[in-house]
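Taking it in order: structure first as structure tokens, then the write-up.
The values are calculated or read from the model by the stated rules, or taken from the named source; none is laboratory data. A quick note: this is a predicted structure, and the numbers were derived from the prediction, not measured. Note that each Cβ is placed from the backbone with ideal geometry, even for glycine, and that neighbours are counted across all protein chains shown. Side chains are part of the model used for accessible areas, which takes the heavy atoms of the whole protein and leaves out ligands, DNA and RNA. Shrake-Rupley method; radii C 1.70, N 1.55, O 1.52, S 1.80 Å.
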Amino acid sequence: MEKILMSLGLDLISAKVLAMIIVCIVVLLIFVTIGGVLTVVERRISGFMQSRLGPNRVGPQGSLQWLADGIKLIFKEDLIPTGSDRFLFRIAPYFCLLGVFGTMVVFPWGTDVIVADLNIGLFYFISITSLVVIGVLMAGWSSNNKWALLGGMRSAAQIVSYEIPVGMSLLVPILITGTLSMGGIVASQGWLPWDWMIFQSPFTLMSFVIFFIGSLAEANRTPFDLPEAESELVSGYCTEYTGFRYAVFFLSEWANLFVLGGLTTAVYLGGGNLPGILEGWSWLSVLVFLGKVSLVIFVLIWLRWTLPRFRIDQLMDLSWKYLLPAALIAFFGQALYMIATNGYPLLQSIIAGVMFLLFLFMMVKFFIRVKVNLFEMNTPVNSRATDVS
Amino acid sequence: MSAYFENITNGFKSIFEGMSITFAAMFSRTETVQYPEVDITSNESIRKDCKGKTYKGTLMGMPDNYRGILNVDLSKCTACGLCMKACPIECIIINSVKCDKDKLADADGNPINNRFTQKGAIKTRTSTRFDINAGKCMYCGLCVMACPTEAIVHTKRFEMNTENLNDLVLRFVSDEQKEKAEKKANELEAEAAAKKAAKAAKEETSKDEGA
């Protein structure tokens with residue numbers, strides 16, 4: 001890229017800067033597209049889960065709905081309420097977006113497709129996503145609106161509480177791999193399911209569950225969507241936002257879904273690892289990675305449309321009384337486990353295999369239950385005649 | 001302490017069950033009827049929308065007891081006015097005149113019974129005006145219950161958009177029918193008057209004779 005720009009007659013520094021800007025814009029466009037498409041995907045899936053159709057009018061099967069929504073929001077009037085802190089009100093959405101977009105630096109798209117494999121990648125990841133809470137708090141405070149303020153406060157309390165179990169649970173994979181770099185963590189896992197971090201020992205599975213719950217809470221998604229609880233706080237911190245700024249908030253929320261999926265996949269589900277013979281096929285590893293990410297995103301959406309919202313005290317109970325002790329147990333348990341099985345690689349792989357088999361058994365049980373429910377659901381509702389005389 | 005672990009197991013169990021239900025719902029039938037594109041008043045056409053696709057949901061058109069816009073079968077109506085009296089908001093208006101006596105029968109020739117007396121219904125009057133204001137009507141169904149011959153019924157229709165409020169008044173008797181009925185009634189009245197006059201004249205003559 002730089003060479004092409006330099007051949008056009010630019011000097012080294014301006015070529016580098018220009019190249020950076022171009023890469024940034026390209027990544028931002030990809031990022032925005034993912035965020036937009038995910039809104040449609042979520043609405044369609046939620047529709048099917050509620051026996052509805054969801055948006056299906058714009059484009060084939062409603063696939064262009066996100067463009068219509070975006071265009072509509074951009075053309076709306078940008079209102080700033082009187083009495084609000086105008087400066088903070090204006091920049092708050094971009095903090096949210098920046099917090100999510102910043103993770104693209106260490107996002108492991110494939111085994112060797114990564115913008116910068118920082119040696120503190122994971123640490124950077126959980127740090128930069130904390131910017132979101134600042135944006136939310138700013139939006140809540142500057143709106144001069146009680147609902148927005150309550151939403152912002154709740155969000156701050158929630159994200160700060162859940163950062164701790166999430167950070168603690170992420171120590172378990174770090175303990176195993178001994179590195180903080182995303183590339184290193186991905187490379188330490190294999191392509192087979194029982195080589196993945198999640199099935200390494202009972203404690204990694206535990207840490208996965210804690211991480212998953214905690215990251216759900218950090219993304220403000222439904223069992224933990226107290227910051228914008230529609231039934232209580234109108235729309236939480238984005239009550240006063242309209243038009244483009246509102247769109248930015250929502251974009252960052254859905255892009256965060258993708259980022260979460262990516263982090264979960266990279267740390268626990270083996271990233272974009274390929275079998276030995278296919279080594280070096282980066283595009284295939286990107287596809288594998290995206291496939292796993294979409295599976296995780298599906299589970300996230302699925303959870304959102306299954307579980308009702310927590311109360312604030314239940315939320316805090318879950319974080320401090322359940323997740324934090326569990327994270328500590330997982331951390332120390334994994335340390336002891338590593339000492340105990342040190343030098344017995346066969347034992348370790350047997351345990352990993354047993355864990356995987358247990359997981360398969362649970363899946364089979366799950367699908368049997370699904371079949372039972374499906375049979376009950378397909379009994380026609382008004383096939384029976386009701387008589388009113 | 002045991003309550004603590006019970007909470008955890010309960011949490012996982014309920015999530016397991018809840019997620020199996022939502023996952024099953026993803027593959028169950030979609031209930032959405034894409035309304036303007038399908039005629040949802042009939043069970044047959046709801047199965048196919050305008051694009052020829054088949055609807056697979058479990059809803060089967062309007063239920064049989066659906067209370068839609070009222071309809072009157074004038075061939076069964078005896079113009080008794082019970083529906084007009086039953087209506088709590090007076091959206092039914094009936095004017096009636098005398099007509100030829102007629103035993104009511106349905107299309108197959110079976111006599112129609114009065115629901116309350118269980119005897120064959122006899123038509124002695126015919127309506128010259130039968131208006132139902134669908135804009136006022138609240139679809140309570142009291143008129144349907146009051147009707148002795150089941151002439152007034154709820155249909156499964158519910159769409160009645162107009163640009164003019166007056167279009168919401170359903171007129172079941174046309175002007176021609178009204179004129180015809182009035183003419184017939186006048187004839188009958190004249191006949192009856194003539195009979196009466198003849199009878200009176202006869203009585204008078206008999207009186208005269210007797211005197």
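Annotations for the structure displayed:
- Of the residues making up the range B:19-28, those that are more than 16 Å from residue A:364 (Cα to Cα) and either more than 7 Å from chain A (Cβ to nearest Cβ) or not hydroxyl-bearing (Ser, Thr, Tyr) (or both) are B:25, B:26, B:27.
- Criterion: more than 27 Å from residue A:259 (Cα to Cα) and either hydroxyl-bearing (Ser, Thr, Tyr) or outside the structural domain of residue A:298 (by TED's automatic domain parsing) (or both) - qualifying residue of A:13, A:34: A:13
- Enumeration of residues in the range B:5-53 that are modelled with pLDDT under 85 and open to solvent by 60 Å² or more (accessible area, probe 1.4 Å): B:27, B:29, B:35, B:36, B:39, B:43, B:44, B:47, B:48, B:50, B:51, B:53
- The range B:154-176, subset touching a residue at least 40 places away in the same chain (Cβ under 8 Å) and not charged (D, E, K, R), residue surrounded by the most Cβ atoms within 10 Å (Cβ to Cβ): B:173
So that you can scan it fast, the table gives a plain yes or no per residue for (1) more than 7 Å from every other protein chain (Cβ to nearest Cβ); (2) at pLDDT below 85; (3) surrounded by 11 or more Cβ atoms within 10 Å (Cβ to Cβ):
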site	(1), (2), (3)
A:343	yes, yes, no
A:348	yes, yes, yes
A:353	yes, no, yes
A:356	yes, no, yes
A:364	yes, no, no
A:367	yes, no, yes
A:372	yes, yes, yes
A:378	no, yes, yes
A:386	no, yes, no
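- Out of A:28, A:79, A:38, sole residue that is in a helix (DSSP H, G or I) and open to solvent by 50 Å² or more (accessible area, probe 1.4 Å): A:28
- Residues within the range A:264-287 that are open to solvent by 10 Å² or more (accessible area, probe 1.4 Å) and modelled with pLDDT of 85 or more, tallied: 2
- Scanning the range A:98-156 for residues that are buried (at least 24 other Cβ atoms within 10 Å of the Cβ) and either over 24 Å from residue A:289 (Cβ atoms) or without any contact (Cβ under 8 Å) to a residue 12 or more places away in the chain (or both) turns up A:135, A:136, A:139, A:140, A:142, A:143, A:148, A:151, A:152, A:154, A:155.
- Considering residues of the range A:167-180 that are surrounded by fewer than 24 Cβ atoms within 10 Å (Cβ to Cβ) and touching a residue at least 60 places away in the same chain (Cβ under 8 Å) only, the residue nearest to residue A:136 (Cα to Cα): A:168
- Residues that are more than 25 Å from residue A:165 (Cα to Cα) and of a type in the set (Ser, Thr, Tyr) were ranked within the range A:332-363; the one that is nearest to the chain's Cα centre (by Cα) is A:349.
- Residues that are in a helix (DSSP H, G or I) and of a type in the set (Gly, Ala, Ser) within the range A:262-280 comprise A:262, A:266, A:276, listed in sequence order.
- Flag if residue B:116 is part of a loop (DSSP other than H, G, I, E, B) and over 13 Å from the mean Cα position of the chain (by Cα): yes
- Matching entry among A:45, A:91, A:71, A:126 (being assigned to a helix (DSSP H, G or I) and either among the small types (Gly, Ala, Ser) or within 27 Å of residue B:26 (Cα to Cα) (or both)): A:45
- Hits in the range A:299-341 (condition: surrounded by fewer than 17 Cβ atoms within 10 Å (Cβ to Cβ), within 11 Å of another protein chain (Cβ to nearest Cβ) and of a type in the set (D, E, K, R)): A:317, A:321
- Qualifying positions in the range A:181-228 - surrounded by 19 or more Cβ atoms within 10 Å (Cβ to Cβ) and either in a loop (DSSP other than H, G, I, E, B) or among the acidic types (Asp, Glu) (or both): A:181, A:189, A:196, A:200, A:201, A:218, A:219, A:220, A:221, A:225, A:228
- All conditions but one from (1) without any contact (Cβ under 8 Å) to a residue 60 or more places away in the chain; (2) open to solvent by 40 Å² or more (accessible area, probe 1.4 Å) apply to residue A:47; the one that does not is (2).
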